[in-house]
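First up is the structure itself, then whatever we jot down about it.
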Amino acid sequence: MKRSEIRKAIEVWFDIDRYDAIEQLTLQQFYVEVERRILAYKMLQKRDTLPPLNRLLLDDYRNKILRGEVLFSGDTSTQGHELARTYAVVPVTCSNAQLYAKSLTLLATHPETSQKSQSEYLSEYLKESGIKSLSSITVDIFLQEASTEDIIEHLKVLIPQWKKQLKMNAPAVREYRFGKSTFRKIIEYRLIPMMDLIFWGADNDGIKIPLSLMSSLLHEDSDNDRDEGMLKATDYPLAMAFLTDESYLKSLEDYMMENNYLKDIPVSEHVKDDKKKKAVK
């Protein structure tokens, strides 16, 4: 498609002014908006092999974009999750419990394998028996037995011990750490609408939107004049890193956990101090 044709097709649904609503969101809501776009882009890359439910979610995201909708979260819980979870802490599901049960049944029919471990602890037993390449541990946390603070103190002591006892590898060093300045960049670089443009292009036979056109669509009436060169050097690579590099979303989730007490304040308030520091420089 020619540049003029691409612009005409985008302007049917895209209006940068609608995205002003994003700055009115709370920190938690803002996080969910970024997360939804990352999940949608990942689903798009696997569209030919998606299960039916995920195809419906992908269709819903596509339709919202084409209707010019900006806010996709609806609520602040991740779709499909009934209990709160993070990438590092996940309540055991029924399907996982069934998998463990099948593994134990399989081991019972192969004594030569089951005898490799004498452990009474499920995670250690499965690892030593060669059934599970262990990167997690299955535990019961008795929520009514102790206060949240006491349970946290128990885990602070136990987790390093478990890692040592189970011979866990150290996590990979994060090349990117999320901070308050990252929120400011997402807002000022207009990365959320940029992610929607990237999604639209990928969803339409992999159309590559020229960065000069993207700059015009995103910043034509903006106080932050982000030209094609800035998009090429900084903005576009950062948006693509969020969409394709899992460590970026994990780093964002780490930040949200560390600053959970701030989750209900407006994101515009959260980045205000960082904007002042930038202005002083």
Return the residue satisfying two criteria in turn: it lies in the range 45-80 and is more than 26 Å from D20 (Cα to Cα) and among the hydrophobic types (A, V, I, L, M, F, W, C), and of such residues it is modelled with the lowest pLDDT.
-> L53
Select, from S247, S215, the only residue that is in the same structural domain as A21 (by TED's automatic domain parsing), of a type in the set (S, T, N, Q) and out of contact with any Leu (no Cβ under 6 Å at 6 or more places or on another chain).
-> S247
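The values are calculated or read from the model by the stated rules, or taken from the named source; none is laboratory data. All values reported here derive from a predicted model rather than from experimental measurement. Heads up, the Cβs are rebuilt from the backbone with ideal geometry, glycines too, and the neighbour counts pull from every protein chain shown.
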